[in-house]
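Input: a single structure, listed below in structure tokens.
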Amino acid sequence: MSKNNRGTIFLEDAVVLQHTAFDGEQMVLRVEAPKCAAHAVPGSFVHLTCDPAIPMRRPLSIMRVDAEKGWVEILYKVQGPGLQHLAARKVGEKISTLGPIGIGFTPHPERPRALLIGGGVGIPPMVFLADRLRARTDARWQPLVLMGSEIPFPFRTRPSKIFVSGIPDGSIACMPLLDEWGVASRLATRSDFPGCFDGFVTQLADSWLRTLEPSVLQEVEVFACGPTPMLEATVKVARAYGVPCQVSLEEFMACAVGGCAGCTVAVQTADGPAMKRVCVDGPVFDGYAVFGG
């Protein structure tokens with residue numbers, strides 16, 4: 001384990017509290033892991049043992065936590081034999097959980113108009129970040145969460161009760177949980193789901209940013225998680241409007257604690273290009289440092 005992370009990553013036998021299936025082979029898993037719940041931050045993840053017979057763990061982003069009740073919630077899509085075994089785990093069973101791992105997002109109070117963009121399995125960190133922002137009192141935070149998916153969303157969509165200026169007409173579908181929190185959200189897809197923006201989530205972000213006055217753009221910061229092409233497109237959009245952008249990278253991981261260096265990516269630093277480990281140096285990086293600026 002990386003020396004910088006000793007004492008902050010915990011190994012727990014987490015008990016399955018809920019395990020719910022959604023369309024598109026998507027699952028929401030809630031486990032009792034009090035140490036992880038107490039230390040997790042938006043953008044961090046857990047490394048789970050899917051089944052005792054499978055030695056390799058799987059890294060999965062954290063979507064929600066309740067530090068008082070000690071639970072952690074994870075959204076994942078069933079892909080490959082490991083996650084197929086994980087999907088079969090039932091309430092009451094124990095899952096070996098290593099976490100929380102990684103550097104999370106860093107919102108800046110001087111930019112309270114946080115634009116959160118999540119694509120597919122990149123949605124969970126955006127929900128976590130929105131939850132934390134609504135609880136902060138160091139600024140008048142106004143998060144807007146945009147989510148994109150080409151398969152059904154892992155929740156029942158409905159028209160939002162929150163008006164958002166600058167969102168294209170007809171784009172009214174939201175994530176109900178966020179609406180209940182008082183956090184604005186909108187959905188994008190190319191699969192013709194009712195109430196959703198017809199196009200990529202980055203196109204929806206561009207449409208909204210285009211309506212903002214320069215003085216308002218000075219208060220915007222972008223946070224994103226999703227597939228690499230989506231993140232690259234997000235950085236391109238952020239650059240066009242001159243706003244900072246943080247991205248959470250998705251990468252294959254073996255150890256996930258900085259030992260194997262199997263998840264390294266090229267990042268531009270003040271000292272020039274460097275190879276950084278996504279697991280412990282990230283997964284959150286400055287978007288311009290990863291995709292050029």
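The values are calculated or read from the model by the stated rules, or taken from the named source; none is laboratory data. The structure presented is a predicted model; accordingly, all values stated were derived computationally and were not measured. So basically every Cβ, Gly included, is an ideal-geometry build from the backbone, and we count neighbours across all protein chains shown.
Being closer than 16 Å to PRO42 by Cβ and either surrounded by fewer than 16 Cβ atoms within 10 Å (Cβ to Cβ) or modelled with pLDDT of 95 or more (or both) narrows it down to one residue among SER149, SER165, SER185; which is it? Quick ask: steps written out before the conclusion?
Working: SER149 fails: closer than 16 Å to PRO42 by Cβ; SER165 fails: closer than 16 Å to PRO42 by Cβ.
Of SER149, SER165, SER185, the one residue that is closer than 16 Å to PRO42 by Cβ and either surrounded by fewer than 16 Cβ atoms within 10 Å (Cβ to Cβ) or modelled with pLDDT of 95 or more (or both) is SER185.
Is one or more of the residues making up the stretch 118-141 within 20 Å of THR202 (Cα to Cα) and part of a loop (DSSP other than H, G, I, E, B)? So far as the stretch 118-141 goes, no, none of its residues is within 20 Å of THR202 (Cα to Cα) and part of a loop (DSSP other than H, G, I, E, B).
Applying the set (1) assigned by TED's automatic domain parsing to the domain that holds PRO143; (2) over 14 Å from the mean Cα position of the chain (by Cα); (3) in a helix (DSSP H, G or I) to ALA289 leaves exactly one unmet item: (1). All conditions but one from (1) among the hydrophobic types (A, V, I, L, M, F, W, C); (2) out of contact with any strand residue (DSSP E or B) (no Cβ under 6 Å at 6 or more places or on another chain); (3) over 23 Å from GLY282 (Cα atoms) apply to VAL91; the one that does not is (2). The lone criterion from (1) in contact with a strand residue (DSSP E or B) (Cβ under 7 Å, 6 or more places away or on another chain); (2) free of Cβ contacts under 8 Å to residues at least 40 places away in the same chain; (3) in the same structural domain as PRO159 (by TED's automatic domain parsing) left unmet by GLU221 is number (2).
Can you find even one residue in the stretch 186-197 that is part of a helix (DSSP H, G or I) and assigned by TED's automatic domain parsing to the domain that holds GLY118? No: the stretch 186-197 contains no residue that is part of a helix (DSSP H, G or I) and assigned by TED's automatic domain parsing to the domain that holds GLY118.
Only one of the numbered conditions (1) in contact with a His (Cβ under 9 Å, 6 or more places away or on another chain); (2) part of a helix (DSSP H, G or I) is violated by LEU83, and that is (1). Every condition in (1) over 23 Å from SER171 (Cα atoms); (2) surrounded by fewer than 18 Cβ atoms within 10 Å (Cβ to Cβ); (3) among the hydrophobic types (A, V, I, L, M, F, W, C) is met by VAL243 except one, and the failing one is (2). Taking the conditions exactly as written (in contact with a Pro (Cβ under 7 Å, 6 or more places away or on another chain) and either modelled with pLDDT under 95 or polar (S, T, N, Q) (or both)), does GLY99 satisfy them or not? The answer is no for GLY99. Number of residues in the stretch 251-281 that are part of a loop (DSSP other than H, G, I, E, B), modelled with pLDDT of 75 or more and in contact with a strand residue (DSSP E or B) (Cβ under 9 Å, 6 or more places away or on another chain) equals 5.
Here's the yes/no breakdown for (1) in contact with a helix residue (DSSP H, G or I) (Cβ under 9 Å, 6 or more places away or on another chain); (2) surrounded by 16 or more Cβ atoms within 10 Å (Cβ to Cβ):
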{"residue": "GLY120", "(1), (2)": "yes, yes"}
{"residue": "THR137", "(1), (2)": "no, no"}
{"residue": "ARG140", "(1), (2)": "no, no"}
{"residue": "VAL145", "(1), (2)": "yes, yes"}
{"residue": "PHE155", "(1), (2)": "yes, yes"}
{"residue": "ASP169", "(1), (2)": "no, no"}
{"residue": "ALA173", "(1), (2)": "no, yes"}
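If you go through the stretch 11-68 and keep only what is of a type in the set (Asp, Glu) and over 21 Å from the mean Cα position of the chain (by Cα), you end up with GLU12, ASP13, ASP51, GLU68. Here SER207 qualifies as among the hydroxyl-bearing types (Ser, Thr, Tyr) and touching a Gly at 6+ places or on another chain (Cβ under 8 Å).
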